[in-house]
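Have a look at the structure below before the remarks.
The values are calculated or read from the model by the stated rules, or taken from the named source; none is laboratory data. Keep in mind that this is a model prediction, so the values were computed, not measured. Quick reminder, even Gly has a Cβ in these numbers, built from the backbone with ideal geometry, and neighbours come from all protein chains shown. In case anyone asks, the SASA skips ligands and DNA or RNA and just uses the protein heavy atoms, side chains included. Shrake-Rupley method; radii C 1.70, N 1.55, O 1.52, S 1.80 Å.
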2 protein chains.
Amino acid sequence: MRTLKLTLAYDGTRFVGWQRQLEGESVQGALEAALSDLEGVPVTAHGAGRTDAGVHALGQVASTVVTFRHDAGTIIRSLNAKLPGDITVVGVEEVPDGFHARFSATDKTYRYVIAHAALPSPFLSRFAWHVPGPLDRGAMEQAAAALVGTHDFAAFQSTGTEVATTVRTLTMSTVREAVADVGHGPSGSLLVYEVRGDGFLRHMVRAIVGTLVEAGRGQRPAGTMAELLRARSRRAAGPTAPAHGLCLVEVRYGRP
Amino acid sequence: MRTLKLTLAYDGTRFVGWQRQLEGESVQGALEAALSDLEGVPVTAHGAGRTDAGVHALGQVASTVVTFRHDAGTIIRSLNAKLPGDITVVGVEEVPDGFHARFSATDKTYRYVIAHAALPSPFLSRFAWHVPGPLDRGAMEQAAAALVGTHDFAAFQSTGTEVATTVRTLTMSTVREAVADVGHGPSGSLLVYEVRGDGFLRHMVRAIVGTLVEAGRGQRPAGTMAELLRARSRRAAGPTAPAHGLCLVEVRYGRP
């Protein structure tokens, strides 16, 4: 038996999310089908982050235990030949027994892309939330920075979920400007929210982004994030930003 | 009556192309439906370039004659509210009577994007042709440069089409490297072919790209493009590259 660590990129648009569901195509389901083909019997894969429907990944990590002996290059080629075009396995390595993509993870990095040109770009409609009108990047940057550190993030957790603790530690929370280009030319100016932490509550990044956009529009004073964290009330934070602007960029293991 | 010049961006993936067809959704059909809604009676729009199914645009131009008196901002907002998310009107201006998007055009610029990383990026699958394996950019650049000038491009025309002349003038034909990023992070290194000319034969850019890739792979000496042009034989050139890597970037009018 070998434990494999797989790194995946995907366009999450048409999936019900990472996790297998009773109905609809999931990334996990597609990956397990490809792995099972190689193994000859059904194989389970565990993901580091249970990305929601429409959420993308550049560096999702999955772990699986298999018996086949192919080398990494052959595994990558075989899986990609079986997987649909919107999922790509970009890396495979053998890891020690007991490695688990989710429980062994040290931290995760997400990016959320806001297209804030007046007009939406058709090239970005799958990958960015279009927020027309002026946004005060300085205010968003200030609000974002206030989240770095160890805090109770209950204000940014979707209602109806239960976890042992809502305390998480963020080591990065920044807003920067960028320009999108798929190669054909610039297609709109962006604001990119980048966040790294030891764990994230359900819809946490999207609730943070919805709140940052309110700060950017001047609907919420940028200096009130500490107060918002203390209040621990989901209703006091902003709306949940749509899924399609979000991407799981990197999952790290071991001491950061 | 006013003549309007409309500039459009679109993700061509799900369209049968620019031109109205008996079956399937066309960009022209969608634009005409939106214009007709504003006008109250059916309106025709003429496009500068009849992009094929799957071909994109950042700067397609359409002309139309209407009677409504809305200002440019209102027209842009109204049309975009009616158009599907993969088409955006990015500009509207009133132009002199007799302006025709196609016949008045001085030149057109296209870009063709080749993703040449070993693994395909799911973020680029709609916008770039994935050509794994090494490509000699110098050879491609040399072959591309040989096409600048006035030549008979019969070797790069799809068979079965009839035009008065197959002579066209290219003023730019270059290959450069680029990196794609929709905001979430780099998703693969690209080769971008950029070509500008006074007109293009059917599938001409895609046939050129198919030929340049052969040069990049060393399957065709880079110095033989002049010979290929002289031979005027479609079979002597390379295959037609797939539609989805191509984008109509700009159409210019008046003296360049």
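Worth a mention:
- Of the strands (runs of 3 or more DSSP E) lying entirely inside the range B:1-120, those containing at least 2 residues that are in contact with a His (Cβ under 9 Å, 6 or more places away or on another chain), surrounded by 15 or more Cβ atoms within 10 Å (Cβ to Cβ) and within 14 Å of chain A (Cβ to nearest Cβ) are B:2-10, B:56-66, B:105-115.
- Number of the exception - A:TRP129 against (1) in the same structural domain as A:GLU177 (by TED's automatic domain parsing); (2) open to solvent by less than 20 Å² (accessible area, probe 1.4 Å): (2)
- Within the range B:164-178, residues that are more than 14 Å from every other protein chain (Cβ to nearest Cβ) have Cβ atoms under 6 Å from residues that are of a type in the set (Phe, Trp, Tyr) and open to solvent by less than 40 Å² (accessible area, probe 1.4 Å) in these pairs: B:THR166/B:PHE153; B:ARG168/B:PHE153, counting only partners at least 6 apart in sequence or on another chain.
- Residue among B:GLY197, B:GLY216, B:GLY223, B:GLY185 that is of a type in the set (Gly, Ala, Ser) and touching a Cys at 6+ places or on another chain (Cβ under 9 Å): B:GLY185
- For the range B:215-232, residues that are open to solvent by 40 Å² or more (accessible area, probe 1.4 Å) and closer than 28 Å to B:ALA105 by Cα total 3.
- Residues in the range A:194-211 that are among the hydrophobic types (A, V, I, L, M, F, W, C) and not in a strand (DSSP E or B): A:PHE200, A:LEU201, A:MET204, A:VAL205, A:ALA207, A:ILE208, A:VAL209.
- Among the conditions (1) open to solvent by 10 Å² or more (accessible area, probe 1.4 Å); (2) at negative phi, B:GLY188 misses just one, which is (2).
- The range A:200-211 - residue that is surrounded by 19 or more Cβ atoms within 10 Å (Cβ to Cβ) and in contact with an Asp or Glu (Cβ under 9 Å, 6 or more places away or on another chain) and, of those, farthest from the other protein chains (Cβ to nearest Cβ): A:HIS203
- Once the range A:121-136 is narrowed to residues that are in contact with a helix residue (DSSP H, G or I) (Cβ under 7 Å, 6 or more places away or on another chain) and outside any strand (DSSP E or B), the residue that is nearest to the other protein chains (Cβ to nearest Cβ) is A:PHE127.
- Within the option set B:GLY160, B:GLY91, B:GLY149, B:GLY183, being on the phi > 0 side of the Ramachandran plot and either within 16 Å of the chain's Cα centre (by Cα) or touching a residue at least 12 places away in the same chain (Cβ under 8 Å) (or both) holds for one residue only, B:GLY149.
- In the range B:245-256, the condition of being in a helix (DSSP H, G or I) and under 14 Å from B:ALA115 (Cα atoms) is met by at least one residue.
- Hits in the range A:132-143 (condition: under 18 Å from B:VAL90 (Cα atoms) and open to solvent by less than 50 Å² (accessible area, probe 1.4 Å)): A:GLY133
- If you go through the range A:170-193 and pick out every residue that is part of a loop (DSSP other than H, G, I, E, B) and either outside the structural domain of A:LEU124 (by TED's automatic domain parsing) or aliphatic (A, V, I, L, M) (or both), you end up with 1.
- Number of residues in the range B:160-190 that are among the charged types (D, E, K, R) and touching a helix residue (DSSP H, G or I) at 6+ places or on another chain (Cβ under 9 Å): the value is 3.
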